[in-house]
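Below is one structure, written out as structure tokens; the observations come after it.
The values are calculated or read from the model by the stated rules, or taken from the named source; none is laboratory data. Just so you know, these numbers come straight off a predicted model, no measurement behind them. All Cβ positions, even for glycine, are placed from backbone atoms using ideal geometry, and neighbour counts span all protein chains on display.
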């Protein structure tokens, strides 16, 4: 716990947002910036918690059903994947754009984004991107 508090304090000092994955109650207790709700988490228990105004909930989704679940979970933003990475959740540009227009939530592109395909993000309906392979 002490380590998490040290990370939180460092992030505040550097003006970096700090989120914990899949543990909203801990995020609230530690006064973090928000929490991340993975696509497999379908719980609505957190809706009974009281949130401060600037607490941010982020969720991930791979299809329309998961987007609707995340909307019902009251997330502020959605990671939608997989845009380019050809895995079991692969969407591609056309399907990504169709699905992302079915929500009013802010959509962040995820999955296989690299220096080779980053320019294609101009034709994608998203507010930003996230990716591991891009930063490696």
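Take the residues in the stretch 70-106 that are surrounded by fewer than 20 Cβ atoms within 10 Å (Cβ to Cβ) and over 24 Å from residue 118 (Cβ atoms); name whichever of them is farthest from the chain's Cα centre (by Cα).
102
Filter the stretch 48-60 for residues that are surrounded by 11 or more Cβ atoms within 10 Å (Cβ to Cβ) and closer than 11 Å to residue 25 by Cα; which is modelled with the lowest pLDDT?
51
Out of the residues in the stretch 121-136 meeting the condition of being part of a loop (DSSP other than H, G, I, E, B) and within 17 Å of the chain's Cα centre (by Cα), tell me which one is surrounded by the fewest Cβ atoms within 10 Å (Cβ to Cβ).
Going through the qualifying residues, I end up with 127.
For the stretch 33-47, name all the residues that are surrounded by 14 or more Cβ atoms within 10 Å (Cβ to Cβ) and farther than 21 Å from residue 132 by Cα.
Result: 33, 41, 46.
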